[in-house]
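Read-outs: derived from the displayed coordinates by stated rules, not from any lab. Please read all numbers here as calculations on a predicted model, not as lab measurements. All Cβ positions, glycine included, derive from the backbone under ideal geometry; neighbour counts span all protein chains shown.
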Amino acid sequence: MDVLTTLLIAVFFFIVGVTFMGVIWYLQGVSRRMRGNAKPTAPEDPDLSEVARLMRHLQTQDLVVQMDGKNFVAAHELSPAQQRRLSFTSDVLAKWLTLPAPEPAAVEAAASEPIPTVAPAPVELSSPFEPLPEPVEPEQPSRPGYTPPFESDATEPVKPVSTELPDMMGGMLNPIPAPPTAFKSIAMQINDILQAHLAGTPLESRGITLQDGPDRGVMVTLDGKQYLGVADVPDEEVRYAIRAAVQEWETKK
């Protein structure tokens, strides 16, 4: 083997080594940049479900709604199911914004109240002189036709019954107002419509109900099991029945 061949082999291995080291340095730099750009994210709660995201365009200042991985700038771009879900969420959000602040703890109120003081009982002093008995007035003899002076009759006078037409028709013209109806949440109203739809159908025996869930959500009960939200219900027929009840509730309000 001559000197030229040895030199070429050495140059080849040198180029391969430099290239290999350069690739390693490049991959290390990319890894550092990715770790630096990564933002720490909070652990996801398995009980939470994202409904939509609200964003604003920095140039046009228009509202942008992100649902199901897509951005929408107008309501007509949403599907009917997405419109119903966003409308239901807006009603729940409006109710959530009007909730009053929680009252302070009862312990603080009890601590602020002053401690009542007990006054000492008065001490009775014995007197050597006994009080004189009060004079007794003699009874007046009863005689026929006698009326004691300043004596009033204990019986109340009987009020005459009015025969005027306005007094007689007062109860008819001014009826007693009916008591106000009890407040029902949106979930309870939709549940009433759902029960009316399920009456006489095979789904009636499966115990399908809607009620208020945690964090202003909706709790669905099916076959003795509870689901957080309509999307978590595994039965498509049940989900369709609930959506139909929601759609009827939206048309009635």
Any residue in region 1-21 that is at negative phi sitting within a Cβ distance under 9 Å of a residue that is exposed (fewer than 10 other Cβ atoms within 10 Å of the Cβ)? List the pairs, counting only those 6 or more apart or interchain. 9/1
Does residue 194 qualify as being without any contact (Cβ under 8 Å) to a residue 40 or more places away in the chain and surrounded by 15 or more Cβ atoms within 10 Å (Cβ to Cβ)? no
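The rows are residues; the columns are (1) surrounded by 10 or more Cβ atoms within 10 Å (Cβ to Cβ); (2) of a type outside the set (D, E, K, R).
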{"position": "7", "(1), (2)": "yes, yes"}
{"position": "16", "(1), (2)": "yes, yes"}
{"position": "34", "(1), (2)": "no, yes"}
{"position": "50", "(1), (2)": "no, no"}
{"position": "54", "(1), (2)": "no, yes"}
{"position": "83", "(1), (2)": "yes, yes"}
{"position": "100", "(1), (2)": "no, yes"}
Identify, please: which residue in region 223-239 is surrounded by 12 or more Cβ atoms within 10 Å (Cβ to Cβ) and free of Cβ contacts under 8 Å to residues at least 24 places away in the same chain and is, among those, farthest from the chain's Cα centre (by Cα)? 235
